[in-house]
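Enquirer: The structure under discussion is supplied below as C-alpha cells; questions concerning it will follow.
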Amino acid sequence: MMENGAQQMQASGRKLLPGSVIGVLGGGQLGRMIALDGIRMGYSFVTLDPTPNSPLGQMAEQVTARYDDVEAARQLAAKADVITYEFENVDAGVARLLEEQSYVPQGSKLLYTTQHRLREKAAIEAAGVPVAPYREITSLEDLQSAASELGLPCVLKTAMGGYDGKGQAVLRSEDELESAYKELAASGTELVLEKFVKFACEISVIAARTPSGIVKSFPPAENVHVNNILHLSIVPARVPSEVKRKACQLAERVAEGLGAVGLLAVEMFVTEDGELYVNELAPRPHNSGHYTMEACSTSQFEQHVRAICDLPLGDTTLLSPVVMVNLLGQHLEEAVRRFGEHDALAESLGVVPKLHLYGKSEAKANRKMGHINLLCGDVDDALEWVEKTNIWRQD
C-alpha cells in the first residue's frame, strides 16, 4: 500500500517543469514521438522495453527487460521523475508497483479498466456515455443465446489483448458460432459479444486531462480501416458540425468519468441518423491522432507531456485540413523512394506530404512502419494523392 502522502501526490498531481526525466513503459513508435516533442521542450527520457534499440531507445536511455520484470521496473522508477505508458498492454501489476515507488499520474486503475473490454464498457456506461449493446460470453451456450438476443451479424471479441483486428471475429450466421467460440476461447480470457452497429463512419476524439482536472479535446478524425488496420484519418471529419461537437463532449465526459490523466483516445461509431456509440478506448496517444503533428497548434504528443506533467494544456486549433495515411511494411520502400523525387502530383493538387518513420529494424507486411501527414486545402485533394500514387494499392 502507498503511504498517505504518496496517495495524495498521485491524486492531486504535481507540476514537473522541463529538465525533469520522463520514464516510459514501452519503447515503440508512440514513445518515440512523445520523446521527440518532449526533448524539444527540455525533458529527458528513459524507457523500459524488451526489444534492444527500440524506436524510443534510439534516442533515450533504455532498460532492456520484459514488462513484467519487477527489478527492471524498479530501475525505471529510480531514474525517472514521472512515469507514463505508451500502450495499454503493459503489466498492470508492474504499474501498481511503480505507483508505490514513483509518480505515475495515469495510475494503474486506468490500465486495469482499459485492458479489459468488459470493464471498459462498464466504465463508459457509468460515465453516462452509450456503447453498442453487448453480452459477456463464458460458454458456447452463452454465445448462442446472446447471438439470438442481439441478432446477427455481431462481433465476438476477446476481453483482453487483440489489436488491428486480432482477437475478434465477425459472426454472420449461426454456423459460424461454434468455430469462432473455440478459436477465441483458446486465448484463456473472457469473451464479449457486441451487437454489430450499422454505422455511416467511424470517428475518434483524442482528449487530454491533467491531474488537476483540466480537459481539452482535439478535433474528431474520421477513420478508414483496411483489413482491420487503420489506413486513413481524415480531418475535418466529414460529419455534421453537431456530431463533431457531441463527439468531443462524449470523449471529455469519458475522460472525466474515468479520472484519466494524459491522453485518452475515444473511438466511436456514427450511425446514419447521427447517433454516437463508443467502441473502444486507448489511454495513450493514438494512431488516429498523428495528424495533429503538423495540422494542429499542439500535437497530441506535446499535449500528453503537458498533461502528465500538469502543465497548462496547449491550444488544439486545427490549422489545416489533413489526411493521415499509415505506412505498413509493404508500403515502405515505394513511399521512401517517392520522397527522394520531385512530387509533381502533390504540387498539382496543393498537397504537402510530411513523412514520419518509426525507426523499426524490419519492415514486415502489415507492420506499422510510419505514416504520412498530407496537409491540404481540401481533404479530397489529399485522398486523390493517396489513390494516384498507387502506394496503397490492394494486390
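The values are calculated or read from the model by the stated rules, or taken from the named source; none is laboratory data. These numbers come from a predicted model, not from an experiment. As a convention, Cβ positions derive from the backbone with ideal geometry for all residues, glycine included, and neighbour counts pool all protein chains shown. SASA here: full protein model, heavy atoms, side chains in, ligands and nucleic acids out. Shrake-Rupley method; radii C 1.70, N 1.55, O 1.52, S 1.80 Å.
Enquirer: Please list, ordered by chain and number, the residues whose modelled amide H lies under 5 Å from the amide H of residue 45; skip anything fewer than 5 residues away on the same chain.
Expert: Amide H neighbours of residue 45: 22, 61.
Enquirer: Roll a 1.4 angstrom probe over the protein heavy atoms and tell me the percent of accessible area of the chain that is carbon or sulfur.
Expert: That share works out to 47 percent.
Enquirer: Using modelled backbone amide H atoms (1.01 Å from N, in-plane), which distant-in-sequence or interchain residues come within less than 5 Å of residue 279's amide H?
Expert: Amide H neighbours of residue 279: 267, 268, 269.
Enquirer: For the pairs 244/388; 157/195; 166/244; 109/368; 166/364; 109/157, note any where the Cα-Cα span goes beyond 18 Å.
Expert: 244/388; 166/244; 109/368; 109/157
Enquirer: If you don't mind, there's one more thing I want to ask. Can you list, bin by bin at 5 Å, the percent of alpha carbon pairs in segment 165-252, starting at 0?
Expert: 3, 11, 16, 16, 14, 15, 12, 9, 4, 1, 0
Enquirer: With springs only between Cα atoms under 10 Å, which of 89, 366, 228 fluctuates most in a Gaussian network model of the chain?
Expert: Highest fluctuation of the listed residues: 228.
Enquirer: In the chain, what % of DSSP beta bridges are antiparallel (nearest 5)? Write out the running numbers ahead of the final one.
Expert: Details: 58 of 73 bridges.
Rounded to the nearest five, the antiparallel share is 80 percent.
Enquirer: Which order do the peptides 260-273, 309-322 come out in when sorted by mean C-beta neighbours inside 10 angstrom, highest first?
Expert: With the highest mean Cβ count within 10 Å placed first, the list reads 260-273, 309-322.
Enquirer: While we're on this one: Which order do 231, 116, 342 take when ranked by solvent-accessible area (1.4 Å probe, heavy atoms of all protein chains), largest first?
Expert: 342, 231, 116
Enquirer: Next question, about the same structure. Specify which residue in the list 177, 133, 144 is farthest towards the positive end of the charge dipole of segment 133-195, using unit charges on the beta carbon of Lys, Arg (+1) and Asp, Glu (-1), about the Cα centre.
Expert: With unit charges placed on the Cβ atoms, the residue in question is 133.
Enquirer: For a protection proxy built on the mean count of beta-carbon atoms within 10 angstrom, sort 207-217, 148-158 highest first, please. Display every interim value, and only then the final one.
Expert: On the way: 207-217: 20.3, 148-158: 17.6.
Answer by packing, highest mean first, reads 207-217, 148-158.
Enquirer: Please compute the Kirkwood hydrodynamic radius over segment 290-360, one decimal place, Å, based on all pairs of different Cα atoms.
Expert: On the way: mean 1/r = 0.0698 Å⁻¹.
Kirkwood hydrodynamic radius for segment 290-360: 14.3 Å.
Enquirer: Compute the accessible area per residue over the chain, keeping the other protein chains in place, probe 1.4 Å, unit Å².
Expert: That works out to 42 Å² for each residue.
Enquirer: Moving on to the next point. Cα-based Rg (one decimal) and Dmax (whole number) for the chain, in Å?
Expert: Computed over the Cα atoms of the chain, radius of gyration and Dmax are 20.9, 63 Å.
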